[in-house]
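Novice: Input: one structure, supplied below.
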Amino acid sequence: MAIFSRLADLLKANINGLLDKAEDPEKMLKQMIIDMEEQLQKAIQGLGQVMANERQMRKQIETAEGQSKMWEERAKTALKAGEQDLAKKAVEEKLRFDENIKQYRAMHAQLENQVNAMRDQVNNLKAKLEDARNRQTLLLARAQMAEARRSISETLGGVDSDGAFAKMEKFERKIAQMEAQADAALEIAGWEGNDEDPFAKLEKQNAADEELARLMREITKE
């Protein structure tokens, strides 16, 4: 039993040590929320930058498509006018813009994928932040309860064996011992409520005399 008691004392000491070294739970929770808000803000800023790049690339595609269409119309005009060399130059410009369009569209697809992935990340961080805010009150209450339980344990358990509660229990045991000793002394002295008690014997004799007198009166009447 002593081994288990010692183990319990060690566990209590370790727990108390951890609680003593821990920072203010309320400050820690607030700082965690602040950190998550900063992380979310950075993610939102990153998403905004990628979305801006995606819009810019879309405009470049539209511009390149417009240029390609324009050079195609010029090539047709030159062919109608019999200007083969001029039409060829127009076609070459059209093909250059078509190649740009191809590259721009590939880059735009990558940017769209990044936007979708980062948007999911932002939504996930928002959900986690909202959940953390909802749990903040509960976690703080649990921390306060743990601290209260530790305080009660120290008060009732008596880290100091000479504490007020321990002294009261010791005093109560001493009074109970004194009462037991007094009862034993009375029993030895013959003052217990039994047949040897002179007061009890006197009461019995008076009762017997009264009962005898009553019977004599009844006999006399008969």
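Novice: Yes or no: the stretch 23-31 includes at least one residue that is at pLDDT below 90, surrounded by 14 or more Cβ atoms within 10 Å (Cβ to Cβ) and touching a helix residue (DSSP H, G or I) at 6+ places or on another chain (Cβ under 7 Å).
Specialist: yes
Matching residues to (1) at pLDDT below 90; (2) farther than 30 Å from Glu37 by Cβ; (3) over 21 Å from the mean Cα position of the chain (by Cα):
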| site | (1), (2), (3) |
| --- | --- |
| Arg58 | no, yes, yes |
| Val91 | no, yes, yes |
| Asn124 | no, no, no |
| Arg135 | yes, no, no |
| Arg142 | yes, no, no |
| Ser151 | yes, yes, no |
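Novice: Residues being under 60 Å from the mean Cα position of the chain (by Cα) and of a type in the set (Phe, Trp, Tyr): count how many of those fall in the stretch 60-83.
Specialist: Number satisfying all stated conditions: 0.
Novice: Would you point out the residue of the stretch 36-93, among those that are within 17 Å of Gln114 (Cα to Cα) and among the basic types (Lys, Arg), that is surrounded by the fewest Cβ atoms within 10 Å (Cβ to Cβ)?
Specialist: Lys42
The values are calculated or read from the model by the stated rules, or taken from the named source; none is laboratory data. Keep in mind that what you see is a predicted model, and the values were worked out from it rather than measured. For neighbour counting, all protein chains shown are included, and Cβ atoms are generated from backbone atoms with ideal geometry for every residue, glycine included.
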